[in-house]
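Worksheet for the structure shown next.
Taken together, the values in this text are just the output of simple stated rules run on the coordinates, not laboratory data. It should be emphasised that the depicted structure is a prediction, and the values quoted were computed from it without experimental measurement. Cβ placement follows ideal geometry from the backbone for every residue including glycine, while neighbour counts extend to all protein chains displayed.
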Amino acid sequence: MTTRRFFYPLLAGALYFAGARLGVAASAMSEGIAIFWLPNGILLAALLVARARDWPLYLGAAVLAEVFADLPAFTLWQALGFAAVNLFECLLAALVLRRLAQPFTFDRLRHVIWFGGVALLLAPGLAALPGAAIYAMDGDAQTSFWSYWRIWWVGDSLGVLMVVPLALGWLSGRSALRPLRILETAAILVVTSVLAWRIFVLGGGETGRLLDSPFLMLPLLLWPAIRLGVWETAAFGLLIAVAAILANLAGLGPFHSELPQATVLRVQEYLATLLFVSLALAALLQELRDRNESLQTHERELRESREAIWQLNLELESRVRARTEELQIANRLLEELASVDSLTGASNRRHFLEMARIEVGRALRLDMPVSAVMLDLDHFKRVNDVHGHEAGDRVLQTFANAIRTTLRSSDIFARLGGEEFMLLLPGQNRDNACALAERLRMLTASLECRECPEGVTVSIGVAGLGMHGAHDLDSLMRQADRALYVSKHAGRNRVSVIDDEAPDLGLAESGTGP
């Protein structure tokens, strides 16, 4: 970790030295003032990406590189003065830019605007004042201070503009070209090289023909700005700048004139305008692309969320439907449990009374016959005492099952309690009910039950609605109960009915039996 901490400042210092030597070698004026100054771009890029606590290492390496690069062409005090001015410029720009945005990138238009205002106007403009003063004290008296200031200012801005976007784009990881764009990038490179050769080497600028105009390079830079990105646009801008500067140093190109100051200013202003405009456009388009991708991602996530919610709703509806069905089944089971006698499967007393009242009410409205049959197993206590209650329960189940097999679906069969049962026969008059009761008596006597080998018999009482004061369900059940009482006292195992001509409680047997 310590080795890496010192390695990067040393690397920055080496690049600063190489840039400074290149700037001095590319001087187009006798005073040694450069057309572009790359070292400030290298140092500013390093300060923007490095930690603040490592800045002294980068600044120290830059001072040494500046002094060693300038000594062959300048005095020691001039080299130290240039180092101080350049460090002030880079430090000021780095502090302000990192204050405005952290991290600072070129994929947002506002960052490019801040970069232009701080790193291309404010910082180099202020640094150019002492820098121009150093040149003016020992330079050509024919060149004014403000000419030096202007050339210094634009030269530093141009160097920063050529290096910083390219370096930050490469360090940010956006420098990698996608495989499908390699051929397109190669085509842009070929067209840029051919057009740069045409304008800066073959074209002289005097003919005024369209193909000789250096501003044809601006539309060309729209290609990488639209199709590729900021880093690629900066790279092609650097290629154009190199071509223009080399042609100018060779005395070629549309900007060459007899006055070196005028030539330098023309080249600087042209390149600064070209590179900044293309960079700003590339940043704007990159921001639009990023926002479009963000919107597409958001829409995709929203669509996936809607699909997930839809699937969840379907699942919830399915669960609710299944749960509802389970509840309905459970309710039906509860209703059955609440209305059915658990031992015999016949209706219980409560359910019988509810259903019987409905049938009796309907019969009264429609003037239809309804009969009631009350059944009681004979000597059932003896069955429990002799064979046990389990045997008694089995006898009750066998009896109830046999009775149900002989009934209609409209008949209501219920266990009133113990060994006492009740039948309500809608649409059946007393004679029909008596016939059915006799069949049930005989059926019971013929039942075979392993738990009770001697068999069982049943006493039955029959009553009809409208007979002997039976005008509602309660009176109908009382009449059937009275008839059952007759059967019991007449010897059991028989069917009895109340005689209409008999006085109240004067019970007459009108039935059959053994």
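The DSSP beta bridges internal to region 349-497 are antiparallel in roughly 85% of cases.
Restricting the calculation to alpha carbons of region 320-440 gives Rg and Dmax of 16.9, 54 angstrom. Stretched out straight at 0.36 nm per residue, the stretch from residue 75 to residue 51 would grow longer than its current Cα-Cα span by 5.3 nm.
Once the Cβ-Cβ distance between residue 451 and residue 309 is put in as r, and R0 is 60 Å, what FRET efficiency do you end up with, to the nearest 0.05? Given R0 = 60 Å and the Cβ-Cβ separation, E is 0.45.
The shape of region 2-301 can be summarised by an equivalent ellipsoid whose semi-axes, obtained from the alpha carbon gyration tensor, come to 31, 27, 16 Å from longest to shortest.
For region 273-319, the mean projected area of the C-alpha convex hull, equal to one quarter of the hull surface, is 2.5 nm². Distance between the C-alpha centres of region 268-330 and region 82-161: 43 Å, rounded to the whole angstrom. Summarising the label geometry, the points placed 7 Å from Cα in the beta-carbon direction at residue 439 and residue 393 lie 3.2 nm from one another.
For the peptides 106-112, 340-346, the ranking by mean Cβ contacts within 10 Å, running from highest to lowest, is 106-112, 340-346.
Find the relative contact order for the chain and round it to a whole percent, using C-alpha pairs within less than 8 Å whose residues are 6+ positions apart. For the chain, the relative contact order is 10 percent. Ranked by the mean number of other Cβ atoms within 10 Å of their residues, highest first, the peptides 289-298, 448-457 come out as 448-457, 289-298.
Extension gain for residue 190-residue 121 works out to 21.5 nm (0.36 nm per residue, less the C-alpha to C-alpha distance). Averaged over residues, the count of other Cβ atoms within 10 Å places the peptides 482-495, 182-195 in the sequence 482-495, 182-195, highest first.
Rounded to the nearest 500, the 222 nm mean residue ellipticity of the chain from helices alone is -22000 deg cm²/dmol, with -39,500 (n - 2.57) taken per DSSP H run of at least 4 residues.
Take every DSSP beta bridge whose two residues both sit in the chain, then give the antiparallel share in percent to the nearest 5. Counting DSSP beta bridges with both partners in the chain, the antiparallel share is about 85 percent. Could you calculate the FRET efficiency of residue 291 with residue 324 from 1/(1 + (r/R0)^6), where r is the beta carbon distance between them and R0 is 45 Å, rounded to 0.05? Efficiency, from the Cβ-Cβ distance: 0.40. Taking only the Cα atoms of the chain, the radius of gyration and Dmax are 56.0, 157 Å.
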